[in-house]
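Bear in mind that the values in this text are calculations on the coordinates, not laboratory data. Please read these numbers as outputs of a predicted model, since none were measured by experiment. Here the Cβ positions follow ideal geometry from the backbone for every residue, glycine too, while neighbour counts run over all protein chains shown.
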Amino acid sequence: MSGARRRGTRMISAVLAAAAATSLGLLALTAPAASASSEVGWVQLAHLSPNTPAVDVYLYSFGDASAQLVLHHVAYGTVSPFEQLAAGDYTVAMRLAGAPSSSKPVLSTAVDVLAGHAYTVAGMGPAAGLRLQVIPDRLTTPPGKALVRVIQASLQQDSVTVTAGSARLATNLKFASVTGYHVLQPGTWTVHAAGSSESATTTMSCAAGTIHTLVVLDNGDSLSIDDLLEAAGSQVAPAGGVQTGFGGMAPHPGAPLRLWLVLTLSGLLTTCAGVAMLTRRRRPALHARRQASSA
């Protein structure tokens, strides 16, 4: 092999090696973001006991006496935004509003937060039988569909029937009960909740990929329905909390892996195109040298 060809081959090899190293480096940069997003879960907290006074809600990492999250004076009907948490074991405790943080909780429960999962921890039932219930939340929907479920938190109406248009979401749903998720077509739905003596109507706008929880509440002597948007699409689990909740704690995922892959492959293709151009440019010169040598 001539010296010129050897130099050309070494140059091409060096360029390809640099391109491969750059590609691997960019892919390595995406790994922490991908692994980090797979190591978190989400929790939201709710007070859904009509005759229980306002409470302070504490969230502790298991074995740590310092509260990781404290919500003060949480009244009936309040649902917090989702809080992003590292996967692991947690304790949720409720104390009467204003009670010292060192006082014994009115009640508490353990929550095992699994990576990639979301949960609602709600104070449910009457004051005399108050309990903290851990309710698993869905994060994805069937393609092009929406999901909706119902929480019955009205004490005045012992059971309710809830419809969305002609679709029946709950039939004689007992107080402090939760339905499974129902699949709905995207669109605007008229939602009606009827108890034995009171009823309420609202509209619910369902976009494809959204997940809703309808909470039936006592509102004085009447009923009301709160539409809680739990998740908007499957790319970001959960999108945030209730519009009237504590606000501002929605999770922010890292940069999508897809974008880094596109940039990496684009750079690699550009490099390869440059190498091909160098090769094509060198070949005529080598051919001319061969002709001159033979002459």
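How charged is the neighbourhood of residue 108? Take every other residue with its Cβ under 12 Å from the Cβ of residue 108, and add Lys/Arg as +1 and Asp/Glu as -1.
Working: positive: 95, 104, 131; negative: none.
Charge balance near residue 108 sits at +3.
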- In whole Hz, the Karplus estimates of ³J(HN,Hα) for the stretch 146-159 (6.51, -1.76, 1.60; θ = phi - 60°; x where Gly or Pro) are 10, 10, 8, 9, 10, 10, 8, 10, 9, 7, 5, 9, 4, 8
- Lys, Arg +1 and Asp, Glu -1 on Cβ, resulting dipole of the stretch 41-137 about Cα centre, debye, nearest 20: 300 debye
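So between residue 135 and residue 166, what do we pick up on full extension, going 0.36 nm a residue minus the alpha carbon distance?
Roughly 8.5 nm would be gained on extension.
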- Query: Which shape class, rounded, prolate or oblate, goes with the stretch 64-103 when its Cα gyration tensor gives a ≥ b ≥ c as root eigenvalues, a/c under 1.5 marks rounded, and past that a/b bigger than b/c marks prolate?
  - Reply: oblate
- Task: Add +1 for every Lys or Arg and -1 for every Asp or Glu among the other residues with Cβ under 10 Å from the Cβ of residue 44, and state the total.
- Result: -3
- Task: Pop out the ³J(HN,Hα) list for the stretch 219-227 in order, Karplus 6.51 cos²θ - 1.76 cosθ + 1.60 with θ = phi - 60°, rounded to Hz; leave Gly and Pro as x.
- Result: 10, x, 8, 10, 9, 9, 10, 9, 9
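Which of 62, 175 comes first, and how do the rest follow, when ranked by fewest Cβ neighbours within 10 Å?
Details: 62 12, 175 20.
The most exposed by this proxy come first: 62, 175.
What's the FRET efficiency of residue 70 with residue 219 using the Cβ-Cβ distance as r and R₀ = 30 Å, to the nearest 0.05?
FRET efficiency, residue 70 to residue 219: 0.60.
Most exposed first by the Cβ proxy, i.e. fewest other Cβ within 10 Å, how do 64, 137 rank?
Values: 64 10, 137 21.
Ranked by crowding around the Cβ, least crowded first: 64, 137.
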- Förster-model FRET efficiency, 30 Å R0, residue 87 and residue 205, C-beta, rounded to 0.05: 0.35
- Message: On a full-extension model of 0.36 nm per residue, what is the gain between residue 62 and residue 103, subtracting their alpha-carbon distance, rounded to one decimal in nm?
- Response: 13.0 nm
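Sorted from fewest to most neighbouring beta carbons within 10 Å, what does the list 39, 83, 198, 230 look like? Could the numbers behind the result be given before it?
Numbers: 39 12, 83 20, 198 17, 230 27.
Least to most surrounded, the residues fall as 39, 198, 83, 230.
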- Item | the stretch 189-194 - phi-based ³J(HN,Hα) in whole Hz, Karplus 6.51/-1.76/1.60, Gly and Pro as x | 10, 8, 9, 10, 10, 10
- Item | Sequence-distant residues sharing a close amide H with residue 49 (under 5 Å, placed H) | 77
